[in-house]
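*Asks:* One structure is given below, represented as structure tokens, and several questions about it will come after.
The values are calculated or read from the model by the stated rules, or taken from the named source; none is laboratory data. Everything numeric here is computed off the predicted structure, so don't read it as measured data. All Cβ positions, even for glycine, are placed from backbone atoms using ideal geometry, and neighbour counts span all protein chains on display.
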Amino acid sequence: MNRKSSALAWGLLFPTLAVLALFVLYPAAQSFWLSFQDVEPFSKRSFFVGFENYQVLFNSPDYWQTVRVTLFFLLYTVIPSLVISLTVAVLLDANPFFQNMFRTLFLLPVAISSSMAAMLWIFIYNPTAGFLNYALDVLGIHGPNWLADPDWALVAVAVATVWKEIGFNIIFFLAGLTSIPLELKEAAELDGANSWQVFRYVTLPLLSPTLFFVSVVSVINSLQSFGQIHILTTGGPMGETTTLVYNLYRDAFVKFRTGLASSEAVILFGLILLATMVQFRMAKKRVHYG
Amino acid sequence: MVSRFKDRKLKQRWIATLVLLLPALIQVFPLFYLLCVSWKEGAEVIQYPPKLFPKAIQWFNYHEALASAPLLRFLLNSAIVASFITFCQLFTSVLAAYALSRLEFKGQKWVMALIVGTMMIPGEVTIIPNYFTLASWNWLNTYPALIVPFSASGFGIFFLYQFFKTIPKELEEAAYLEGCSRLRFLFKFAVPLSLPAITAFGIYAFVGAWNQYLWPLITTQTTQMQTAQIGIGMFRSQNESMSWGVIMAATAMLISPTVLLFIATQRQFVKGMTMSGIKG
């Protein structure tokens, strides 16, 4: 019986293990291996070069610029999307009129991919015919050419990203908020706490596991952003929207520098792991699990 | 005291409603603007000062968009790819999660650790070798290239594992005494009992597959194989001289299936998302 059960188990696991081995584990190991190689673009011959690819990256000002762009993009997307989505979720939870209509409106971008979200914003940003600069004109402000201005392009991409992301965050914040027992808030109110105090000392601590989960996912999503950059700016102007992932794509599939791109992939993997670990560390101190 | 409490609740409702108005307008504006531009004719789009509303609701941009690119083919490709990925992930994950949660065998813990470990590996790390693997098989620009690499999911297994674990042992033993085989038990009891979780993961998988960008960008080479996400970018860059009205009409057509599907299935969708998020 036991041997039969064991054979059955391996049989059931086989499709999964085959796919994961072939398309996740093997290529992950291969990426590590390739990051120490110099691969000729056309003949695909490769030579072991040790840490040379990593040295090239760390000595390249362009690569450090992509690191800077990535960090600013993280800052411009994660914090605004957390603040806005938490605020909106709290308001939606406060039982407003037209609650269902509001909820549908805010959640709608969940059904829209990052590239489609970019298409929605691209004409809004158009410097002459777009609505944003027209609205600014009416207010007496001369708007920049958003997507072509090195000072504004990253902000413009970030705004479109936040617009798309907050729906996803609101879903989780709402789920977290509705799981907080109403009696706790009412007890605090009866004790004379005002709305802000109820939020700060009752809602927020009880919501901290959700907040933690949403911020981990937001950071990972932001680090992996690609579609909206490809549509809106293709990494320009002057590399000001070239993030680590976008640079990896260009090195691998436009410039065919396989070895170099592989070491970028390894670095990105390390960064995502590090960001997640830092957040888990912070969560240990701050997150209260009921 | 009670009436003061009620007053305060009513005041809160009003404040919440009023404060939500502005962000709601901002949130809906890009979609509204998309429709407005898609109904404008060429000169109307670029006139200054721009008018928000079109002169009339007209569909010629939609006709032109449909005539200049295989938009329906893009949608069909997306639907085929996303459906197959969802089906394959459900199938492989149900089998594997069942083996890991309800059967006993040597090395079980190791296999579980390995599968959970694959969740930590981001797609960017595997994309270059996977591209070369599929190129060497001559699979580039085919449906299998878009589907097969994603036909198993560490997350799906981890997620379903937790639901299969909650099925009471007594039920399983009773079924075996009745002469039910293990596989029969899986499909007759375990799967129906976990249907909400399976649906939740299915929704999650479908959305992820539909929204993929980087992988289909590098593995599709002809217009006929492009998914909606890739098609729209190509459509824009290949029609630089085309009126923005036509480009927005194309976007509107490619966006509408998922938006309408979302509005129709909002409740299940939200439940699916939160379930997969909270358990994962």
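*Asks:* Which numbered condition in (1) of a type in the set (A, V, I, L, M); (2) closer than 28 Å to A:Phe226 by Cα; (3) modelled with pLDDT under 90 is the only one that B:Ile167 fails?
*Replies:* It fails just one condition, (2).
*Asks:* Applying the selection to the stretch B:47-70, what residues are within 23 Å of B:Ile232 (Cβ to Cβ), part of a loop (DSSP other than H, G, I, E, B), within 14 Å of another protein chain (Cβ to nearest Cβ) and of a type in the set (A, V, I, L, M, F, W, C)?
*Replies:* The one that is within 23 Å of B:Ile232 (Cβ to Cβ), part of a loop (DSSP other than H, G, I, E, B), within 14 Å of another protein chain (Cβ to nearest Cβ) and of a type in the set (A, V, I, L, M, F, W, C): B:Ala69.
*Asks:* Suppose the filter is of a type outside the set (A, V, I, L, M), more than 11 Å from chain A (Cβ to nearest Cβ) and under 26 Å from B:Arg267 (Cα atoms); does B:Phe185 pass it?
*Replies:* On the way: of a type outside the set (A, V, I, L, M): yes; more than 11 Å from chain A (Cβ to nearest Cβ): yes; under 26 Å from B:Arg267 (Cα atoms): no.
When the stated conditions are applied, B:Phe185 does not pass them.
*Asks:* Consider the stretch A:231-265. How many of its residues are crowded, with 19+ Cβ neighbours inside 10 Å, within 24 Å of A:Trp33 (Cβ to Cβ), over 16 Å from the mean Cα position of the chain (by Cα) and of a type in the set (Val, Ile, Thr)?
*Replies:* The number of residues fulfilling the criteria is 1.
*Asks:* Ok, one more. With the condition kept exactly as written, say whether any residue in the stretch B:178-185 is under 23 Å from B:Ser78 (Cα atoms) and surrounded by 16 or more Cβ atoms within 10 Å (Cβ to Cβ).
*Replies:* Step one: list which residues in the stretch B:178-185 are under 23 Å from B:Ser78 (Cα atoms), which gives none.
Checked against the condition, which is being under 23 Å from B:Ser78 (Cα atoms) and surrounded by 16 or more Cβ atoms within 10 Å (Cβ to Cβ), the stretch B:178-185 yields no hits at all.
*Asks:* Please give the number of the condition A:Gln228 fails out of (1) in a helix (DSSP H, G or I); (2) modelled with pLDDT under 95.
*Replies:* (2)
*Asks:* Regarding A:Phe199, is this residue under 20 Å from the mean Cα position of the chain (by Cα), of a type in the set (Phe, Trp, Tyr) and either surrounded by fewer than 17 Cβ atoms within 10 Å (Cβ to Cβ) or farther than 30 Å from A:Arg45 by Cβ (or both)? Don't jump to the end; show me each part of the working.
*Replies:* Values: under 20 Å from the mean Cα position of the chain (by Cα): no; of a type in the set (Phe, Trp, Tyr): yes; either surrounded by fewer than 17 Cβ atoms within 10 Å (Cβ to Cβ) or farther than 30 Å from A:Arg45 by Cβ (or both): yes.
When the stated conditions are applied, A:Phe199 does not pass them.
*Asks:* Take the residues in the stretch A:247-258 that are more than 10 Å from chain B (Cβ to nearest Cβ) and in a helix (DSSP H, G or I), then tell me which one is farthest from B:Phe132 (Cα to Cα).
*Replies:* A:Asn247
*Asks:* Is the stretch A:147-155 home to any residue that is of a type in the set (A, V, I, L, M, F, W, C), under 18 Å from A:Val88 (Cβ atoms) and buried (at least 17 other Cβ atoms within 10 Å of the Cβ)? If you could, list the steps in order and put the result at the bottom.
*Replies:* First, the residues of the stretch A:147-155 that are of a type in the set (A, V, I, L, M, F, W, C): A:147-148, A:152-155.
Right, trim to under 18 Å from A:Val88 (Cβ atoms) and you get none.
The answer is no, given that none of the residues of the stretch A:147-155 is of a type in the set (A, V, I, L, M, F, W, C), under 18 Å from A:Val88 (Cβ atoms) and buried (at least 17 other Cβ atoms within 10 Å of the Cβ).
So that you can scan it fast, the table gives a plain yes or no per residue for (1) in contact (Cβ under 8 Å) with a residue 12 or more places away in the chain; (2) closer than 30 Å to B:Thr223 by Cα; (3) more than 7 Å from every other protein chain (Cβ to nearest Cβ):
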| position | (1), (2), (3) |
| --- | --- |
| B:Thr86 | yes, yes, yes |
| B:Leu90 | yes, yes, yes |
| B:Arg102 | yes, no, yes |
| B:Trp110 | no, no, yes |
| B:Ile128 | no, yes, no |
| B:Thr142 | yes, yes, yes |
| B:Ser153 | yes, yes, yes |
| B:Tyr161 | yes, no, yes |
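*Asks:* I've got another one for you. Regarding A:Val39, is this residue farther than 30 Å from B:Thr92 by Cβ, at pLDDT 95 or above, hydrophobic (A, V, I, L, M, F, W, C) and under 32 Å from the mean Cα position of the chain (by Cα)? Lay out the reasoning, then the answer.
*Replies:* Numbers: farther than 30 Å from B:Thr92 by Cβ: yes; at pLDDT 95 or above: no; hydrophobic (A, V, I, L, M, F, W, C): yes; under 32 Å from the mean Cα position of the chain (by Cα): yes.
No; evaluated as a whole, the condition is false for this residue.
*Asks:* Within the stretch A:115-143, which residues are more than 7 Å from chain B (Cβ to nearest Cβ) and buried (at least 16 other Cβ atoms within 10 Å of the Cβ)?
*Replies:* Within the stretch A:115-143, A:Ala117, A:Ala118, A:Ile122, A:Tyr125, A:Asn126, A:Gly130, A:Leu132, A:Asn133, A:Gly143 meet the criteria.
*Asks:* Of the residues in the stretch B:68-97, how many are at pLDDT below 95 and aromatic (Phe, Trp, Tyr)?
*Replies:* So the count comes out to 0.
*Asks:* I've got another one for you. Based on what the data block shows, is A:Ser208 within 19 Å of B:Gly208 (Cα to Cα) and away from chain B (no Cβ under 12 Å)? Talk me through it step by step, then tell me what you get.
*Replies:* Details: within 19 Å of B:Gly208 (Cα to Cα): no; away from chain B (no Cβ under 12 Å): yes.
So A:Ser208 does not fit the description; no.
*Asks:* Here's another thing I want to ask about it. For residues in the stretch A:216-229 being within 23 Å of B:Gly231 (Cα to Cα) and surrounded by fewer than 22 Cβ atoms within 10 Å (Cβ to Cβ), which is farthest from the other protein chains (Cβ to nearest Cβ)?
*Replies:* Residue satisfying both the conditions and the ranking: A:Asn221.
*Asks:* Name the one entry in A:Pro205, A:Pro209 that is in contact with a Phe, Trp or Tyr (Cβ under 7 Å, 6 or more places away or on another chain) and farther than 24 Å from B:Ile218 by Cα.
*Replies:* Values: A:Pro205 fails: in contact with a Phe, Trp or Tyr (Cβ under 7 Å, 6 or more places away or on another chain).
Only one candidate passes the filter, namely A:Pro209.
*Asks:* Additional query: Looking at the stretch B:191-280, what helices (runs of 4 or more DSSP H) fall wholly within it and have at least 2 residues that are charged (D, E, K, R) and within 11 Å of another protein chain (Cβ to nearest Cβ)?
*Replies:* Working: elements: B:195-210, B:214-219, B:228-238, B:244-264, B:266-279.
Hits in the stretch B:191-280: B:266-279.
*Asks:* Does A:Phe199 qualify as being modelled with pLDDT under 90, more than 9 Å from every other protein chain (Cβ to nearest Cβ) and part of a helix (DSSP H, G or I)? Reasoning before the result, please.
*Replies:* Working: modelled with pLDDT under 90: yes; more than 9 Å from every other protein chain (Cβ to nearest Cβ): yes; part of a helix (DSSP H, G or I): yes.
In short, yes.
*Asks:* I need the full set of residues from the stretch B:87-109 which are part of a helix (DSSP H, G or I), surrounded by fewer than 23 Cβ atoms within 10 Å (Cβ to Cβ) and not aliphatic (A, V, I, L, M), in order please.
*Replies:* Those that are part of a helix (DSSP H, G or I), surrounded by fewer than 23 Cβ atoms within 10 Å (Cβ to Cβ) and not aliphatic (A, V, I, L, M): B:Phe87, B:Cys88, B:Phe91, B:Ser101, B:Arg102, B:Gln108, B:Lys109.
*Asks:* Among (1) more than 30 Å from B:Ala99 (Cβ to Cβ); (2) within 11 Å of chain B (Cβ to nearest Cβ); (3) in a helix (DSSP H, G or I); (4) not basic (Lys, Arg), which single condition is A:Pro80 missing?
*Replies:* (2)
*Asks:* Quick one: how many residues across the stretch A:177-193 are part of a helix (DSSP H, G or I), within 13 Å of another protein chain (Cβ to nearest Cβ) and without any contact (Cβ under 8 Å) to a residue 40 or more places away in the chain?
*Replies:* 7
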